[in-house]
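Trainee: The structure is given below, and queries will be raised subsequently.
The values are calculated or read from the model by the stated rules, or taken from the named source; none is laboratory data. As the structure is a computational prediction, the values presented were derived from the model and not from experiment. Please note: Cβ atoms are built from the backbone with ideal geometry, for glycine as well, and neighbour counts cover all protein chains shown. Surface accessibility is based on the protein's heavy atoms, side chains included, excluding ligands, DNA and RNA. Shrake-Rupley method; radii C 1.70, N 1.55, O 1.52, S 1.80 Å.
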Amino acid sequence: MNVHDSERISGLLEQAGYVRAVPADDTPDIVVFNTCAVRENADNRLYGNLGRLRPVKDKHPGMQIAVGGCLAQKDRGEIVRKAPWVDVVFGTHNIGALPVLLERARHNAAAEVEILESLDVFPSTLPTRRESTYAGWVSISVGCNNTCTFCIVPALRGKEKDRRPGDILSEVRALVDEGVLEVTLLGQNVNSYGVEFGDRYAFGKLLRACGDIDGLERVRFTSPHPKDFTDDVIAAMAETPNVCHSLHMPLQSGSDNVLRAMRRSYRSDRYLGIIEKVRAAMPDAAITTDIIVGFPGETEADFQRTLDVVREARFSSAFTFQYSKRPGTPAATMDDQLPKQVVQERYERLVACVEEITWAENKRLVGETVEVLVAVGEGRKDERTGRMSGRARDGRLVHFATQAPGGESMADQIRPGDIVHTTITYAAPHHLNADGAPVSHRRTRAGDAAEAGRSPRTPGVLLGLPTIGAPPVAPAPTAGCATH
Ligand code: SF4
């Protein structure tokens, strides 16, 4: 969500006439911090970074510093009290106001702090500068109506706001027209999509509608919530050819007691029941999850239940977290916070258990031929190993060799965004290798865009907000998302 917000911030500033600073430029005119309060130590990191910028600003007084995102929504005016050299503080609900706030701060020579309590415009109607030529995020909803006791999101992002299906599909089409092959539908809880306009089957319908978009090869979504998961979503995934058979469904804990304390209103048998149905409909589905270990009051028996569910669910990957307090959440003040060493020890056992399973699941793919969408920045060792990297349809990371059958390298022909079929020769817990010659290579429009250095842009409109700088570019006829 934050990464996509940063793409919007870039798009907005570009539309207002700014250009991106080159990395070597140590005195840009504007620095924007898009903060995330979900991550640990977000405030320490923000104030540390602001402190490091202070001497730069002292030397270049015209430089402006803006702070947005969840931490800004939470700390508000506190930020300019602690760091008076900050020019603008904006929240999660008014990203679109950033160019105006920068202009006003410059004009008035005073800090502007503007935090709204609810959304004034759906963020995806803002212009967006996309970082990837081949894959794009598309928001379907923002905010969350749940009240998980460890989570700061509802306090900072507000109640769920759903975007109209027509607007979502227009944005997806606009991205595909720019060459994008893969779209990830984004919401805090995609399964409750439709709650605002009274259609609990809206998400499954949306997936099926994505299936009708020519040129869209992969559809993913994140994140579903087990509480609201309906069978029609599984059917839509199985029956819509461009929807990938990968499901990231947060478990958080395998213990019903802990789930209750977390105020997550499903139980482990419901969670496992969804997985069973997904596997029955899509035997090749890769299921991934998030797990928190060491929640306040978690007993050894509770923890064992988490390990049981991990073994039964056979995840292909899991993001594992040690519980740590987030100020402002109910769990932060619960009794029975666990000692750090207990959490650490359980965490290590959980990681070992998860790795054993993900490795075994990955090994099942050795000898299989998979379709890889070639990516940028997924393989840190690629230069040394001579491989390239990308994601299989099920979301697994694949590093593949680029020698053609005759031994000559294809590395200069394969571009990010192209599609390669290759056969898996080795499995590790977190990735797969394919060290034979690629079975096939297909050049795509996304690859052409990457080669030409073009990144997709979706224009958007600033509804109800004054604009500054260059007048907004009229939306392209294909970009229907920009017309409401
Ligand atoms: S479902 Fe729970 S964890 Fe997810 S955003 Fe909503 S409150 Fe947070």
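Trainee: Calculate log10 I(q)/I(0) of segment 155-272 for q = 0.10, 0.19, 0.22 Å⁻¹, where I(q) comes from the Debye formula with a single equal point scatterer on each Cα and nothing for solvent.
Mentor: -0.33, -1.05, -1.29
Trainee: Related question: If you keep only loop residues by DSSP, which trypsin sites (Lys or Arg not before Pro) in segment 366-425 have at most 11 other Cβ atoms within 10 Å of their Cβ?
Mentor: When the trypsin sites (Lys or Arg not before Pro) of segment 366-425 are filtered for loop state and at most 11 Cβ neighbours within 10 Å, Arg380, Lys381 remain.
Trainee: Let me ask another. Please list, or write none, the aspartates and glutamates whose alpha carbon is within less than 18 Å of the alpha carbon of Lys277, excluding same-chain residues fewer than 8 places away.
Mentor: Counting by Cα, and skipping residues close in sequence, Lys277 has these aspartates and glutamates nearby: Asp228, Asp231, Asp232, Glu239, Asp269, Glu312, Asp394.
Trainee: Accessible area of the chain with a 1.4 Å probe: how many percent of it is carbon plus sulfur?
Mentor: Carbon plus sulfur share of accessible area: 52 percent.
Trainee: Hey, what's the Cα Rg ratio for segment 38-104 versus the globular rule of thumb, 2.2 N^0.38 Å?
Mentor: Against the empirical 2.2 N^0.38 Å value, I get 1.09 for segment 38-104.
Trainee: Once you treat every alpha carbon in segment 33-175 as an equal point and sum by Debye, what is log10 I(q)/I(0) at q = 0.10, 0.11, 0.20 Å⁻¹?
Mentor: At q = 0.10, 0.11, 0.20 Å⁻¹ the computed log10 ratios are -0.40, -0.48, -1.25.
Trainee: Amide H of His248 versus every other amide H placed in the peptide plane: which residues, excluding those fewer than 5 positions away on the same chain, fall under 5 Å?
Mentor: Under 5 Å from the amide H of His248 lie the amide H atoms of Thr288, each far enough along the sequence or on another chain.
Trainee: Might you tell me the accessible area per residue for segment 261-337, computed with a 1.4 Å probe and given in Å²?
Mentor: Per-residue accessible area for segment 261-337 comes out at 45 Å².
Trainee: Let me know the Kirkwood hydrodynamic radius for the chain, please, with Cα pairs as the basis and the value in Å to one decimal.
Mentor: So the Kirkwood estimate lands at 24.1 Å.
Trainee: Between their Cα atoms, which of Lys161/Lys205; Lys59/Lys82; Lys161/Lys340; Lys57/Lys325 are more than 28 Å away from each other?
Mentor: From the list (Lys161/Lys205; Lys59/Lys82; Lys161/Lys340; Lys57/Lys325), the Cα-Cα distance tops 28 Å for Lys161/Lys340; Lys57/Lys325.
Trainee: Give the aspartates and glutamates whose C-alpha is closer than 13 Å to that of Lys74, dropping any in the same chain fewer than 8 places away, or say none.
Mentor: Asp43, Glu114, Glu117
Trainee: Rounded to the nearest 10 Å², what accessible area does Glu345 have for a 1.4 Å probe in the complete protein model?
Mentor: The accessible area of Glu345 comes to roughly 80 Å².
Trainee: Just to be sure I understand the rule: take each whole DSSP H helix in the chain, project its Cα atoms onto its long axis, keep it if the span is 24 Å or more and its mean Kyte-Doolittle hydropathy is at least 1.0. Which ones pass?
Mentor: none
Trainee: Continuing with this model, one more query. Provide Glu217, Glu117 ordered by accessible surface of protein heavy atoms (probe 1.4 Å), highest first.
Mentor: My answer, sorted largest first, is Glu117, Glu217.
Trainee: Please list 7-13, 325-331 highest first by mean number of surrounding beta-carbon atoms within 10 Å per residue.
Mentor: Listed from highest to lowest mean packing, they are 7-13, 325-331.
Trainee: Provide the convex hull volume over Cα atoms per residue for segment 331-447, in Å³.
Mentor: Here the figure is 142 Å³ per residue.
Trainee: When ranked by the protection proxy of mean other Cβ atoms within 10 Å per residue, highest first, what sequence do the peptides 48-54, 236-242 form?
Mentor: Final packing ranking: 236-242, 48-54.
Trainee: If you keep only loop residues by DSSP, which trypsin sites (Lys or Arg not before Pro) in segment 140-228 have at most 16 other Cβ atoms within 10 Å of their Cβ?
Mentor: Hits after loop and neighbour filter: Lys159, Arg200.
Trainee: Still on this structure: Per residue, how much accessible area does segment 1-146 have with a 1.4 Å probe, in Å²?
Mentor: Result: 43 Å² per residue.
Trainee: If amide H atoms are built 1.01 Å from N in the plane of the peptide, which residues on other chains or at least 5 residues away come under 5 Å of the amide H of Thr35?
Mentor: Gly68, Gly69, Cys70, Leu71, Ala72
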